[in-house]
Amino acid sequence: MEMTVIFGSIAALLLIAVIANWLSGLTHVPDLIVLLIIGVVLGPVLHWVDASRFRGAVEVLGTLALILILFQGGLEVRLREAMRQLTPALILALLTYALSLGLLAVAGRFSLGLTWVDAMLIGAALASTSGSIVLPALEQIDSPESIKLTLTMESAVGEILAVLVVGSIIGVGGEQSMLTGLATGFTRSIGAAMALAIAAAFFWSKLWPRFANMPLSSVLNLGAVFGVYSAARYLGGSGLLAVLVFGVTLANLPRTPHMTRQGLRMVAFHAELTFLVRSFFFVLLGIVAEFVGRNYIIPIIAILAAIVLARYLGVLGSAWMIHDANTRQKELLFWMLPRGLVTAVLALEIVSARGPVFGFLPAVAFTVVLVTNAFVVWGAVRCGATLIAQEPFTPHHGMPVPPLAARREKESHAKATGAGGDSV
């Protein structure tokens, strides 16, 4: 009977996840909200699931989801297009993250009574927007490519910044100053990660075509991704940054895998695996969710106010650089401030590293995730977002291909037949 319940629950969860993802295109409500609510109902509300049995799995599953999302996002970056929006995206990312970190640190210092270092640690974890929310949402919103590229790059840069800053602050100790510790941590994390990822991408781009036509070649590629992440961490670099750079480099090298039919299968495999892992993670996150008590109402309000104010100032200081977008479309930049996977994973990491003094942080992070995702829903409705016509899935050797992969295959075919289309 126990096996019946376990696998029956998995079947129901996957069905609900697919339906929620489909409905998100109609309602503009991220499927994350539905999955979180399911977890909350199963855990804190009805107590049908013992949350203590899953707390250790949440951080591992969240990290796995981040690895898959960042690699997939890297494969979808075309440098020729991205370079046009590089400056506004970097300005938006750096300005918004710096403002958020500073204002959140102030909120944590005076509303929670933390030291400045601990307050900065909270600010660093809560300051980044979530690519796991932004990327799927942008697929369902009709907006200029300039807006989409800017938001995509901003979320990627912000998540990397969050991981690096939190890791550097946690690693600072002894007589080492905060500034020296951050500078050392950034240099080591970024330098080691980028050098390793670029070298690995060049090597893998030569080796992978030899196995592309073999069975389970996509699984082999997944092993390479995990290997890059682990090697970067072993060398003291940022594993997540290495995965992102690995994907971007692969996507922009000559004769890249994604320009072939085998590469499309690989992209489809990663997309479906990412969806599966992400769905389970957010349900588990809801199951282990903790709600803030009345003592934290004022701190939560202060934290949310800091996030909104930082976003407003960041967009105000960078939106003028984005071309080909009207006022309403630029307003979408403001509302796209969701927190998600990175926020949840970093909150758990901080508690694990610093102990009971941050015992309240998972509950605060969960509240921030819910409220900021509600902002995304409101922004999509207010800005008059419309659905992008979804291209039908087409089978590739029994494996469905997502719309982006199908579109790229058309471009590759057009180039091969002389009908036009650009290439990376």
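Summary of values
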item: Neighbourhood net charge (14 Å Cβ-Cβ; Lys/Arg +1, Asp/Glu -1) for PRO338; result: 0
item: Cα convex hull of segment 28-391 - mean projected area over all directions, nm²; result: 18.3 nm²
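Throughout, read-outs are computed from the coordinates displayed, never taken from laboratory work. These numbers were taken from a predicted model, which means no experiment stands behind them. Backbone-built Cβ (ideal geometry, glycine too); neighbour counts: all protein chains shown.
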